[in-house]
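A quick write-up on the structure given underneath.
Bear in mind that the values in this text are calculations on the coordinates, not laboratory data. Small disclaimer: the values here were computed from a predicted structure and weren't measured. Here the Cβ positions follow ideal geometry from the backbone for every residue, glycine too, while neighbour counts run over all protein chains shown.
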Amino acid sequence: MNIKRFMNPAILLFLAMFAVLAVCGAFMGASRAQVFFNSALMMIFWCVLTLFLAAGFFAYPLLRKRPALMLIHLGCLGVLVGGMLNSAGAHRLIARWLDRPAWAKGQMLLGPGQSSAEVVLETEGAVGKLPFNVRLEETFVEYYDKPAIGLYFNDGARWAIAAEAGKEIQIPDGRGTVQVGAVYKNFKMKRDNGRMVSYESAEPGINPAYQLIFTPAGGTAETIYVFERLGRMHDIAGRTCRAEYMAPRMIKDYKSTLQIVRDGKVLKQTTIEVNKPLFYGGYHFYQHTFAEDQSGPVSGIMVVSARGIWLVFSGYALVFAGLVMQLGTKLFIKRTNPGDVKGQADGN
């Protein structure tokens with residue numbers, strides 16, 4: 001009885017503090033909330049709250065007699081313990097006490113064809129290592145608007161066409177026709193039978209370009225190559241127009257095809273995007289950033305440890321099952337004994 005007198009107000013106090021902290025955390029912002037809830041003081045709070053929940057099994061016999069309450073209690077305990085195991089503080093303790101490489105979050109920067117097992121951690125200068133390699137097979141970028149090629153004529157007129165290989169388009173005012181004949185991801189040229197011809201290179205690297213076939217009215221066809229990275233072409237003597245690649249501006253989504261490689265074998269391949277990660281070997285791989293440099297696209301992959309995550313999910317499942325059992329039992333009793341309920345109402 002003395003234990004209960006102490007535990008009842010203590011549990012209510014800790015639950016009230018938990019509610020206040022949850023509300024305050026919602027207004028802190030993600031980065032500040034993460035630092036605060038992983039601080040040493042909050043780790044003590046989580047440990048004490050977990051001890052109270054565990055002690056409840058012994059202090060309150062009612063929990064052991066009612067399966068629904070038992071499931072709810074076990075579920076709450078599982079969520080707390082799982083969350084603590086996946087915290088930055090727990091990873092630091094595991095690395096220090098058990099002498100194992102353990103970290104909560106880091107990032108990888110990969111270009112197409114590159115692979116690595118090293119993860120740059122949030123701690124400055126620290127590097128973690130995965131037990132396998134992650135290889136970036138390919139990247140994709142989706143835009144709300146589409147890329148185009150702008151035509152600039154010598155008399156100041158302008159016209160734009162979609163940057164896609166397709167049918168021949170008639171340019172207004174009798175200026176002729178234009179067509180995107182080919183699209184290259186890695187444009188190269190070589191000499192063939194005394195003339196230079198373009199081709200798609202399989203060599204490492206990226207040089208996106210478009211073959212533009214412009215036929216002026218009453219004239220002969222001219223081939224113009226438009227490069228994404230070189231911008232507008234200079235005026236060329238004898239030509240009536242010049243061309244410029246017009247990049248799309250509004251990014252809709254960016255994706256990366258990742259491969260998990262170990263001992264030269266591809267164990268798993270998945271295309272990830274924002275909020276759709278790859279899970280493997282106890283880690284989640286999220287599409288975090290995307291950029292381009294001189295060598296091509298660079299995909300930023302956030303790597304998050306999933307230590308304890310299944311305990312959290314199991315805890316939620318137990319809480320849900322307990323609530324369904326508790327509410328379902330009450331509804332079943334009311335439906336199977338309608339007379340008792342009515343009799344109690346009449347007696348009152």
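Worth pointing out:
- Rough spin-label spacing in nm, given labels placed 7 Å along Cα→Cβ, for K188 and Q326: 6.8 nm
- Exposed chymotrypsin sites (Phe, Trp or Tyr not before Pro) absent - longest run of the chain, DSSP non-H/G/I/E/B, at most 14 other C-beta within 10 Å: 145-348
- Of S299, S31, S115, the residue with the greatest mean-square motion in the GNM of the chain, using alpha carbon springs below 10 Å, is S31.
- Estimated inter-spin distance, E138 and E273, nm [label 7 Å along Cα→Cβ]: 1.5 nm
- Amide H to amide H distances under 5 Å link A306 with Y283, H284, where only residues 5 or more positions off or on other chains count and H is placed in the peptide plane.
- Given K129/K265; K146/K252; K105/K129; K146/K185; K185/K255; K129/K255, the pairs whose alpha carbons are separated by over 20 Å: K129/K255
- Taking θ as phi - 60° and the Karplus parameters 6.51, -1.76 and 1.60, the scalar couplings of the stretch 58-65 work out to 9, 7, 10, x, 4, 4, 7, 8 Hz in sequence order, x denoting glycine and proline.
- Cut-off 15 Å (backbone N to label point 7 Å along Cα→Cβ of D145), residues of the stretch 161-182: 161-163
- Legend: calculated FRET efficiency, R5 to A126, from the Cβ-Cβ distance at R0 = 56 Å, rounded to 0.05, equals 0.70.
- Dipole magnitude for the chain: about 1600 debye, using +1 per Lys or Arg Cβ and -1 per Asp or Glu Cβ, origin at the Cα centre.
- In a simple Cβ point-charge model (Lys, Arg +1; Asp, Glu -1; nothing else charged), the stretch 104-225 has a dipole of about 300 debye relative to its Cα centre.
- Global geometry of the chain, whether rounded, prolate or oblate, following the gyration tensor of its Cα atoms and the 1.5 cut on a/c: prolate
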